[in-house]
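The block underneath contains the structure these notes are about, expressed in structure tokens.
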Amino acid sequence: MTHLAKDRDWWRGAVIYQVYPRSFQDSNADGIGDLLGIVRRMPYVASLGVDAIWISPFFTSPMKDFGYDVSDYCDVDPMFGSLADFNAVIETAHALGLKVMIDLVLSHTSDEHPWFRESRQSGGNEKDNWYVWADAKPDGTPPNNWLSIFGGSAWHWDTRRCQYYLHNFLVSQPDLNFHEPAVQDALLDVARFWLERGVDGFRLDTINFYTHDAHLRDNPPLAPEDRNSTIAPAVNPYNHQHHLYDKNRPETLEFLRKLRGVMEPYNAAAVGEVGDAQRGLEIMGEYTAGDDLMQMCYAFELLSGTQPGAQDVAGVMEKVARVAADGWACWAYSNHDVVRHITRWGLTSPAAKMFTTLMMCLRGSACIYQGEELGLTEATLAFDDLQDPYGIEFWPEFKGRDGCRTPMVWERSNANGGFSTAAQPWLPVPGEHLQHSVETAEADPGALLHHYRRAIALRHAHRALAKGDMLDMHAEGQVLSFRRVYQGEEVFCAFNMGEDAVEITLPHGDWLPIGLELNSAHAGPDGKVHLAHWQPCIMLHTASAG
Ligand code: BGC
């Protein structure tokens, strides 16, 4: 058991490993990963020292958005296995001391969900109001200017009801109407269903999209200089609006409170995904304030397109301290929606190691996306290999999300990297990934994989790093520094986030170097620390060294 396991606050500072089930491990040779594949590889996940596993959606789905379009919230898609297989996931994870967080996609369903099928029948059916239906304007055009992230208007005309329905993502992902109390009740039942099956928490997809403006007001335009593409690619006109009315509505808080009430007796934790290019951190502050909303929100700031420097990281952390002082962030560099960070930021091996160490020293929880611990790069795929509708829509300026979703590589010599014995997996395994397989990395003491294990272990060894306050945030040139403090333990952290060697002075006091296995620097007799490029310096205050 990890030492956080029995803690009611287990989520605070936890390290969460994200599994994208389609691409983790195939156990039945159909070229698609599944739940029994996750069971098989669970010891590997546990060997990283993480606290929890987040499994992207495995529910019944027509897979238009690869599981983020759910047609039955309370069952497993046959492609991934069965409810019995899910029980095995829970049992195996718990036996290894891992918490299980599942990915609930409550903002929208698939258009094949029975709720939507019923709702779209014309005239006064029981689920009439379960989705966001609206009449056309007198000229037949959609009711307002809202846009879908995946391209085009957020409204789709339905010929049965002769009305438009709202979809923030694909046309086949109609948006549930959270203004309807029966919808909220049904979704809370979904959460109860999985809590009863033993899950320890949720990753909640797109929580700031739950409620829309009941008056359907137009979003105002954004000035070109204010556009920011952290959640939608630069070529997407979704970035041209200030999303005041299609999401981020205050009524969402009421639902989050009810959901937290359902979770409380189970000691479950949630990380809510907040996608908003302008107000993401402020919304995180709103959703994680106090004890009756979300414990954590998933932040997009470190999923940025360009490599963050010391000033950028300090800026983000200072803003969090200001607008979400009472809240808790969950950081990630990579996930199933963005270009893998090794490629996105063009990281060398020392830089990748330093960013890993940095993540484990930041205040917040941390999500690691499968394969990043191997240093996997973004795969380059041919248009014919694309599966992601988002990429197909915006190709070639934006190539979609398939490049980060290619299968995990377990073995070097196996054609599909040990992922599947099928002739052709659902996405190809890039040849260049084979040299980064788990098998190869295990045998190489210098591999990034071991660095991840050591960095996670350091975070667990020092509660100040996992749970502490973050003080004295400084960015001077390319050096970022701060202190983490928790119940008398104090750790000083500095990171040389650049290519040149630098010298820093330790804060006043006596310090003991820790994290030497992470290449953390020693102080000289004069108290100065020489930092080589991409080198961290992590020091424990001796008064707290016990
Ligand atoms: C998920 C995406 C998904 C979208 C719609 C998200 O932010 O991470 O993969 O396409 O929500 O459900």
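A short reminder: the numbers here are calculations on the coordinates, not readings from a lab. Since the structure is predicted, the reported quantities are computational estimates derived from the model, not experimental observations. In this analysis, Cβ positions are derived from the backbone assuming ideal geometry, glycine residues included, and neighbour counts consider all displayed protein chains.
With the highest mean first, a sort of the peptides 201-209, 259-267 on other beta-carbon atoms found within 10 angstrom per residue produces 201-209, 259-267.
Rg over Rh for the stretch 469-541 works out to 0.94, using Cα positions for both radii and the Kirkwood form for Rh. A viscosity of 1.306 mPa s and a temperature of 10 °C, combined with the Kirkwood radius over Cα pairs in Stokes-Einstein, give a translational diffusion coefficient for the chain of 66 µm²/s.
Net charge of the neighbourhood of A84, taken over other residues with C-beta under 13 Å away and scored Lys/Arg +1, Asp/Glu -1, is -3.
Counted residue by residue at 0.36 nm each, then reduced by the alpha carbon distance between them, the extension gain from D500 to A532 reaches 10.8 nm. State the percent of C-alpha pairs, over all pairs in the stretch 195-319, separated by a distance greater than 18 angstrom. Cα-Cα pairs of the stretch 195-319 separated by over 18 Å account for 58 percent. For the chain, the mean residue ellipticity at 222 nm estimated from helices alone is -7000 deg cm²/dmol, where every DSSP H run of n ≥ 4 contributes -39500 (n - 2.57) and the total is divided by all residues, rounded to the nearest 500.
Positive-end ranking of N168, P525, N219 along the dipole of the chain, with charges on Cβ about the Cα centre, is headed by P525. Against the globular-protein guess of 2.2 N^0.38 Å, express the Cα radius of gyration of the stretch 124-178 as a ratio, rounded to two decimals. Computed over Cα atoms of the stretch 124-178, the ratio equals 1.07. Here each label is just a point 7 Å from Cα along the line to Cβ, and for R192 and D385 those points are 4.6 nm apart. Lysine pair count for the chain with Cα-Cα distance under 26 Å and sequence separation of 8 or more or different chains is 20.
Averaging Cα coordinates gives a centre for the stretch 250-265 and one for the stretch 369-412; these two points are 35 Å apart. Considering only Cα atoms, the convex hull volume of the stretch 44-137 works out to 130 Å³ per residue. If eta is 0.692 mPa s and T is 37 °C, what Stokes-Einstein diffusion coefficient results for the stretch 405-546, Kirkwood Rh from Cα pairs, in µm²/s? Roughly 188 µm²/s, to the nearest whole number.
Projection of the Cα convex hull of the stretch 318-399, averaged over all directions and equal to a quarter of that hull's surface, yields 7.0 nm².
What is the angle, in °, between the Cα long axis of helix 349-361 and the longest principal axis of the Cα atoms in the chain? Nearest 10 is fine, range 0 to 90. Computed tilt is about 80 degrees.
In µm²/s, what is D for the stretch 235-293 at 37 °C and 0.692 mPa s, where D = kT/(6 pi eta Rh) by Stokes-Einstein and Rh is the Kirkwood radius from Cα pairs? It diffuses with D of about 254 µm²/s by this estimate. What separates the Cα centres of the stretch 176-232 and the stretch 415-433 is a distance of 35 Å.
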